[in-house]
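The values are calculated or read from the model by the stated rules, or taken from the named source; none is laboratory data. What you see is a predicted model; the values in this text were computed from it and never measured. Cβ coordinates were reconstructed from backbone atoms using ideal geometry, including for glycine residues, and neighbour counts include every protein chain displayed. These accessible areas exclude ligands, DNA and RNA; they are computed on the full protein's heavy atoms, side chains included. Shrake-Rupley method; radii C 1.70, N 1.55, O 1.52, S 1.80 Å.
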Amino acid sequence: MAEPNIPQVQDQTLAEIGADLEDQVSSSVQLLTHGQLVLARFKKNRLAVIGGVILAILYLLAILCEFVSPYDPDRRFQGFVYLPPTTVHIRDAEGRWRAPFIYPIKRMTDPKTFERKYVEDTSVRYPIKLLQKGDEYELWGLIPTNVHLFGVDDAAGPLAIMGLESMGRDLFSRILYGSRISLSIGLAGVFFSLIIGLVLGGLSGLYGGAVDNIVQRVIEFIRSIPTIPLWMGLAAALPPNWPQLRVYFAITIILSFVGWTTLARVIRGKFLSLREEDYVLAATQAGASRWFIIWEHLVPSFMSYILVHLTLSIPGMIMGETGLSFLGLGLAPPAISWGVLLKDAQKIQEVAIHPWILWPSIFVLVTVLSFNFFGDGLRDASDPYSQRL
Amino acid sequence: MRGYILRRVLQSIPILIGISIVAFLIIQLPPGDYLTVYASNLRSQGEFIGDEELEALKAQYALDKPVYMQYIRWITNFLQGNMGQSFYWNKPVSSLIGERIALSMVVSILTLIVTYGIAIPVGIYSSIKQYTWSDHVITLIAFIGVGLPSFLVALIVMYLGVKYFNLGAGGLFSADYLDAPWSFARVIDMLKHMWLPVIVIGISGTAGTIRVMRATTLDELSKPYVEAARARGLSELKAVLKYPVRVALNPILSTIGWMLPTIVSGETLVSLVLGLPTTGPLLYRALITQDMFLAASFILILSSLTVLGTLISDILLAWMDPRIRFGGAE
Amino acid sequence: MSNENTNGHNMLVQVKNLKTHFFLTEGIVRAVDGVNFYIDRGRTLGVVGESGCGKSVTARSIMNMIRPPGRNVAGQVIYHRQKKEAQGSTVTEEIDLLTLEPMSAEMRSIRGGEFSMIFQEPRASLSPLHTIGTQIMEGLKLHMDIDDEEARQRAIEQLQRVNIPKAEERIDAYAHQLSGGMCQRAMIALALACQPALLIADEPTTSLDVTTEAQILNLMRELQDTFHTSIMYITHNMAVIAEIAQRVLVMYMGKDVELAPVDALFYDPRHPYTRALLRSIPRIDDEREMLAVMRGNVPDPYALPTGCPFHPRCESRLRVCSQPVEVPYVEVSPGHFVRCHLYAGGG
């Protein structure tokens, strides 16, 4: 743009320039709304889109876990402890192509080593059926039914696509049920963080002075403590006889105990800018009230930042729950979460023999990475004019 | 500068006090007072504890006084080196934690060094080679690395190690040196075992630092003073290393303060999985067995050392940056 | 060998048909697209034009410090370098700087040693973490064979020369401790430390207030008188040009539209763009109520108009102006060149 050489333009000529400008703009560039720009930029980031799709699938699975999982998560298959993942065949013993099916499993004991072995009985085929009737459940606690997305006849033995765990329960079903807690605790933790962060950050920025000072010191204090030992200490101090729901909330609060600090800092900064930003000054001069400015100018200006920040702090929360439950300091059976399931993997010797018990960790990894990709894409997109990473 | 140091030191005092209160709360939170637990523990082991002894202990920990008196008694004892008794090990806490905390700090500091040692040059390289294929590869790896949860990586690494490389079950020492007294050979042995935990703990920090380093260096590279340095006839390497990198290093180094708690955190969890003889496993056992004096001492010392480390790094940083040193910073 | 060229000028630098393009993902930006001019020894060439017309890129091309995605795609920057022979006579050699590797030792010794440059934002041009002394001494030690002690002594002398008070103390100051004017003085000290033959000043006073600007301009004139340094002074301020330059180059969208002695440019401007520029300067003796404003806007650099890039805004455009033909470059009077179809017949 030509900023020099055009000092003190008068109205008439200004209009002329304006008309010229409009001509040029409308002919060469199409103006997009902020939302369109954000979406366009987000779509360009392939990893972020993939992350978003994976997250959508995971949350959908969590919502529909009773239906998608082939078995009740607490159903034990007697005698099939640590059954390896079932092989799904599409070709039978004679080499003919078939719809997906499984062979029933026979348990054998090696006569010499006395090791337990599972062998497929290739004489019978059991096709995998969609909408198979199986264990009874109530969908969302409302609709009693026994239809599962897929399954096999009970006579075939367990269809354990991710193997059975130490007590003969289907790991895949348990992972799906566990995703309810693991995926929701991130959201809940972020929600609590948001509330604490908004209130304390807002107060701190709005009133300044002593309030601000105290909040800032508290934030510094929390940030200087290594999180995991602190979490471990706090979680261990929870009474062991608490019901799991209460533990769930307690863990959520422990997780958000650290999470709110960064958020509060940003919100405080934004509120402080109430006193400095030119556009705030301009709005005040125009007669806008304080709350109007906060609502109309400030909140929109940090909404996108908060959204991005929240997205990016969910994985940390999920990790925290997984870590604590993995150690036995968080949720405990009968509650099911990915961390609880991973407790079996504490003994590395067990993992070496039954590696499929690491499946929950794959789910955690995929979730955490997806959140990071997704959040990163959001961050880049939410600021369409930035050129940063 | 002196004013800055003084202010910074004074600032960390309330933080330390806060930490000690949290640690004390962790002792207090479990139901029942710990002396009863202690006594019943002893009795269950068939040892007798007399009422007189019990009374003496009660007086020592000020259990008959209000909570804040108990706190004051505990923290004074603590500062005098009397950290209380571990019920589980039936030993003074101080005799249990020394070496473990030292090893934890060694692992953490080593991780810090490796993190910066890798991340800074890689980040600079990536920024200088912006948009080349090597930059894209580094960016992608760093992108994934940031999100990797270290203890799950540890778990998977352990599995792969046991399954394919016939590695032992982790640890910091070979069998020969496990219980050997400290010697040069033992230190060497330890360092040989150290690389795996250091890498596992350092992954996400390294990845994050690469990203920040790349971004800040890129920012700085476009600043006029870099062009001015080139216009002075400086070689490209010198113009980049002496000016923008030097400036970009500051925010990186100033995040040591945030890095240290994260690393100590990661170390705690990873050492549990990898079975390192550091604080993690013992703190864990203490928490599981409600051995609260031991647990609280760990948390207090770990956190205090972290605060101390942050303090030192901040002061070093101020000393390096004239804008802080002369108090002329914006 | 004579130092005089055919026009009777004592040339230091001659730029011929310089083209510097930037190869971006969005397209090619022809920032400089065929520019010719020369800078006389001990004289000042003013370069004017709107933001984005290629002034700064031209300057950086002379310093041979265009970086990817930019590239000098054509043209020559001929440096008439004077060398003292053993017998005391001076010999002039001609080097085309663009044939040198940008980062070669020879180019680097010219850059900073014989050509130096000052920038628009003086404070940002100084490292925030190094003292100004460090930066001046760095240049001195790089281009002269002197030790730390001597370099420091010379740096102090330089600071005194640019009228920085308490130079012995200020040498250890950081940029953030100095005012903008002081920073620009320090930059000038830095640039002139090695007594260069050419000083390129890229809008050095744009970010300074008017009083400081006047001081800096005075300082530059004084220093030029003392050291016979040639100056290439880039600005968008016609008033500054009138004050400091002997010759003026007017640029528009990467082209040299007019090159003239300063008087000829102000009293007999030939190119319609130059005329429009001059009309838009407020004059104290002007009776007009309204200031003339140039029509239209700077075109999109990715999609330049065909033919003469100025034709959409030009008041005297001919049919040929929009045709994709080379615009004639005409010497309308001795030393006064115009790139315009209006003068195709020779003025």
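Per-structure values
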| read-out | value |
| --- | --- |
| Answer from B:Ser235, B:Ser204, B:Ser222 - the residue that is open to solvent by 20 Å² or more (accessible area, probe 1.4 Å), in contact (Cβ under 8 Å) with a residue 40 or more places away in the chain and among the small types (Gly, Ala, Ser) | B:Ser204 |
| Unmet criterion (only one of (1) open to solvent by 10 Å² or more (accessible area, probe 1.4 Å); (2) assigned to a loop (DSSP other than H, G, I, E, B); (3) within 14 Å of chain B (Cβ to nearest Cβ)) for C:Pro165 | (3) |
| Region B:161-191, subset open to solvent by 70 Å² or more (accessible area, probe 1.4 Å) and aliphatic (A, V, I, L, M), residue modelled with the lowest pLDDT | B:Leu167 |
| Residue match in region C:205-228 (condition: touching a strand residue (DSSP E or B) at 6+ places or on another chain (Cβ under 7 Å) and buried (at least 16 other Cβ atoms within 10 Å of the Cβ)) | yes |
| Odd one out for B:Gln290, checked against (1) part of a helix (DSSP H, G or I); (2) more than 14 Å from chain C (Cβ to nearest Cβ); (3) open to solvent by 40 Å² or more (accessible area, probe 1.4 Å) | (1) |
| From the options B:Pro277, B:Pro281, B:Pro261, B:Pro251, residue that is more than 14 Å from chain C (Cβ to nearest Cβ), touching a residue at least 24 places away in the same chain (Cβ under 8 Å) and either out of contact with any Asp or Glu (no Cβ under 9 Å at 6 or more places or on another chain) or part of a helix (DSSP H, G or I) (or both) | B:Pro261 |
| Residue match in region A:292-304 (condition: without any contact (Cβ under 8 Å) to a residue 60 or more places away in the chain and either more than 30 Å from A:Gly269 (Cβ to Cβ) or within 14 Å of chain B (Cβ to nearest Cβ) (or both)) | no |
| Filter result (of a type in the set (Gly, Ala, Ser) and either open to solvent by 10 Å² or more (accessible area, probe 1.4 Å) or within 21 Å of C:Pro102 (Cβ to Cβ) (or both)) within region C:35-72 | C:Gly42, C:Ser51, C:Gly52, C:Gly54, C:Ser56, C:Ala59, C:Ser61, C:Gly70 |
| Among the candidates C:Asp256, C:Asp268, C:Asp263, residue that is open to solvent by 70 Å² or more (accessible area, probe 1.4 Å) and more than 10 Å from chain A (Cβ to nearest Cβ) | C:Asp263 |
| Helices (runs of 4 or more DSSP H) fully within region A:167-236 counting 2 or more residues that are of a type in the set (S, T, N, Q) and open to solvent by 10 Å² or more (accessible area, probe 1.4 Å) | A:209-224 |
| Subset of region B:239-256 (residues that are under 26 Å from B:Gly18 (Cα atoms) and either out of contact with any helix residue (DSSP H, G or I) (no Cβ under 7 Å at 6 or more places or on another chain) or open to solvent by less than 10 Å² (accessible area, probe 1.4 Å) (or both)) | B:Thr255 |
| Counted residues, region A:331-344 - those being open to solvent by 30 Å² or more (accessible area, probe 1.4 Å) and within 9 Å of another protein chain (Cβ to nearest Cβ) | 0 |
| Sole residue being assigned to a helix (DSSP H, G or I) and more than 20 Å from the chain's Cα centre (by Cα), chosen from B:Asp179, B:Asp219 | B:Asp219 |
| Number of positions in region B:222-248 that are facing chain C (nearest Cβ under 9 Å), assigned to a helix (DSSP H, G or I) and closer than 16 Å to C:Met63 by Cα | 9 |
| Cross-chain or 6+ apart pairs with Cβ under 9 Å, region A:355-366 first and facing chain B (nearest Cβ under 9 Å) and in contact (Cβ under 8 Å) with a residue 40 or more places away in the chain, then among the aromatic types (Phe, Trp, Tyr) and open to solvent by 30 Å² or more (accessible area, probe 1.4 Å) | none |
| Residue among C:Arg275, C:Arg279, C:Arg283, C:Arg313 that alone is under 15 Å from C:Gly49 (Cβ atoms), open to solvent by 80 Å² or more (accessible area, probe 1.4 Å) and within 14 Å of chain A (Cβ to nearest Cβ) | C:Arg275 |
| Helices (runs of 4 or more DSSP H) (entirely within region B:1-115) containing at least 1 residues that are at pLDDT 80 or above, open to solvent by 60 Å² or more (accessible area, probe 1.4 Å) and over 17 Å from B:Gln290 (Cα atoms) | B:2-28, B:67-79 |
| Single unsatisfied condition, A:Gly328 versus (1) touching a residue at least 60 places away in the same chain (Cβ under 8 Å); (2) open to solvent by 10 Å² or more (accessible area, probe 1.4 Å); (3) under 17 Å from A:Ala236 (Cα atoms); (4) at the interface with chain B (Cβ under 9 Å from one of its Cβ atoms) | (1) |
| Output for region A:345-363, where each listed residue is buried (at least 19 other Cβ atoms within 10 Å of the Cβ), closer than 17 Å to A:Leu61 by Cβ and of a type in the set (A, V, I, L, M, F, W, C) | A:Trp359, A:Phe363 |
| Some residue of region B:228-242 being assigned by TED's automatic domain parsing to the domain that holds B:Phe173, closer than 30 Å to B:Ala154 by Cα and of a type in the set (S, T, N, Q) | no |
| Evaluation of C:Val250 against (1) assigned to a helix (DSSP H, G or I); (2) open to solvent by less than 10 Å² (accessible area, probe 1.4 Å) (one fails), failing number | (1) |
| Pick from region C:136-162, criterion more than 14 Å from every other protein chain (Cβ to nearest Cβ) and not in a helix (DSSP H, G or I), ranking: surrounded by the fewest Cβ atoms within 10 Å (Cβ to Cβ) | C:Asp145 |
| Members of region C:87-123 that are open to solvent by 10 Å² or more (accessible area, probe 1.4 Å), touching a residue at least 40 places away in the same chain (Cβ under 8 Å) and farther than 27 Å from C:Gln14 by Cα | C:Glu121, C:Arg123 |
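So that you can scan it fast, the table gives a plain yes or no per residue for (1) open to solvent by 50 Å² or more (accessible area, probe 1.4 Å); (2) more than 28 Å from A:Pro334 (Cα to Cα):
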{"position": "A:Tyr71", "(1), (2)": "no, no"}
{"position": "A:Arg75", "(1), (2)": "yes, no"}
{"position": "A:Met108", "(1), (2)": "yes, yes"}
{"position": "A:Lys112", "(1), (2)": "yes, yes"}
{"position": "A:Asn146", "(1), (2)": "no, no"}
{"position": "A:Asp153", "(1), (2)": "yes, no"}
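A quick yes/no check of all residues on (1) under 30 Å from C:Tyr252 (Cβ atoms); (2) at pLDDT 70 or above; (3) in contact with a Phe, Trp or Tyr (Cβ under 7 Å, 6 or more places away or on another chain):
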| site | (1), (2), (3) |
| --- | --- |
| A:Ala2 | yes, no, no |
| A:Asn5 | yes, no, no |
| A:Gln8 | yes, no, no |
| A:Gln30 | yes, no, no |
| A:Gly52 | no, yes, yes |
| A:Ala56 | no, yes, no |
| A:Thr109 | no, yes, no |
